[in-house]
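*Asks:* This structure is in structure tokens; I'll ask about it shortly.
Only the coordinates and a few stated rules stand behind these numbers; no lab work does. These numbers were taken from a predicted model, which means no experiment stands behind them. Here the Cβ positions follow ideal geometry from the backbone for every residue, glycine too, while neighbour counts run over all protein chains shown.
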């Protein structure tokens, strides 16, 4: 990372009235949560269970719960990293007006951010697909690992319990997508952090931001399909980039 790149990002932030962060799996790798799509990522090791298979097949439901319960320890033990903490400070003391995240780990909220739109839901809760009962996921994952049995809904007793996340083949919540769209359209600067920008419709939000007049900055370890579309691209660690940028912003204060 060359200093001029962070200096440019600092100037973009300083000139914007409303900054919105758009975060993906790379935001949380420094917290010990592996990403999904990079070489060696989770989806190169296991095959995700499709939503329709979960709804229609007992064996698929068992495999879904096995994957989620074994992976839950990664989420449960994870803590916000420096990048999360910096964004929380920017919401409190600077011009960060909100976060749109593809992540399901809840680490932005743990760091202190209040305005977080979770496009793909949260792995911290489960919900019933029949009666919409919701609860904290911990005891259900622990129960599955202990009993090796898919838990049933304690409220309606017949509905299928699933994590409150969007599975492959499942539609995004319309209200959540509308809220994300509204936030992005109002931004003067959209900063992409740690997203491969290949999952739709989330990947279209940066394009929409540019169409509505926002500048676009991308901080990601690897190249994305929107690099040539962005005003600024930094291929480096997110937390390191934000730390340097925050220091530049502080030094620029009168």
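*Asks:* For 75, 22, what's the fewest-to-most ordering of other Cβ within 10 Å of each Cβ?
*Replies:* The most exposed by this proxy come first: 75, 22.
*Asks:* With a/c under 1.5 counting as rounded, go ahead and sort the stretch 183-254 into rounded, prolate or oblate using the C-alpha gyration tensor (a ≥ b ≥ c being the square roots of the eigenvalues; past the cut-off, prolate if a/b is larger than b/c, else oblate).
*Replies:* Taking the square roots of the gyration eigenvalues as a ≥ b ≥ c, the stretch 183-254 is oblate.
*Asks:* Using bins 10 angstrom wide from zero, how does P(r) for the stretch 26-150 break down, in % of all Cα pairs?
*Replies:* All Cα pairs considered, the percentages come to 12, 38, 34, 14, 2.
*Asks:* Binning at 10 angstrom from zero up to the longest distance, how are the C-alpha pair distances of the stretch 116-180 distributed in percent?
*Replies:* Taking every Cα pair in the stretch 116-180, the percentages come to 21, 48, 25, 5.
*Asks:* Between the helical axis of 238-251 and the dominant principal axis of the chain, each derived from Cα atoms, what acute angle in degrees is found, rounded to the nearest 10?
*Replies:* Once rounded, the angle reads 40 degrees.
*Asks:* Kindly rank 148-160, 226-238 from highest to lowest mean number of other beta carbons found within 10 Å of each residue.
*Replies:* 226-238, 148-160
*Asks:* Distance between Cα centroids, the stretch 128-148 to the stretch 223-242: provide it in whole Å.
*Replies:* Cα centres, the stretch 128-148 to the stretch 223-242: 38 Å.
*Asks:* Okay, moving on. Can you pull the three principal axis extents for the Cα set of the stretch 95-230, in Å, largest first?
*Replies:* Each principal axis gives a Cα extent; for the stretch 95-230 these are 50, 31, 29 Å.
*Asks:* Sticking with this structure for a sec: Count the DSSP beta bridges whose two residues both fall in the stretch 61-181, then state the antiparallel fraction as a percent rounded to the nearest 5.
*Replies:* Within the stretch 61-181, antiparallel bridges account for around 75 percent of the total.
*Asks:* For the stretch 96-187, what does the relative contact order come out to in percent, with C-alpha contacts under 8 Å and a separation of six or more?
*Replies:* Contact order relative to length: 28 percent.
*Asks:* Something else now. Run the Debye formula on the Cα coordinates of the stretch 93-152, all scatterers equal and no solvent, and tell me log10 I(q)/I(0) at q = 0.18 1/Å.
*Replies:* Computed log10 I(q)/I(0) values: -0.75.
*Asks:* Then there is this: Once you treat every alpha carbon in the chain as an equal point and sum by Debye, what is log10 I(q)/I(0) at q = 0.07 Å⁻¹?
*Replies:* Log-scaled intensity ratios, in q order: -0.25.
*Asks:* Once Rh is set to the Kirkwood radius over Cα pairs, what Stokes-Einstein translational diffusion coefficient, in µm²/s, holds for the stretch 152-210 at a temperature of 10 °C and a viscosity of 1.306 mPa s?
*Replies:* Translational diffusion coefficient: 114 µm²/s.
*Asks:* A further question on this structure: Quick check on the chain: helices-only [θ] at 222 nm, where DSSP H runs of length 4 and up contribute -39,500 (n - 2.57) each and the sum goes over total residues. Nearest 500, please.
*Replies:* Only helices count here, giving -12000 deg cm²/dmol.
*Asks:* Report, for the chain, the % of DSSP beta bridges that are antiparallel, rounded to 5.
*Replies:* 30 percent
*Asks:* Compute the long axis of helix 138-147 from its Cα atoms, compare it with the longest principal axis of the Cα atoms of the chain, and write down the angle in degrees, 0 to 90, nearest 10.
*Replies:* 40 degrees
*Asks:* Here is a follow-up. Rounding to the nearest 10 and keeping the result within 0 to 90°, find how far the Cα-based axis of helix 82-93 lies from the longest principal axis of the chain.
*Replies:* With both axes taken from Cα atoms, the answer is about 70 degrees.
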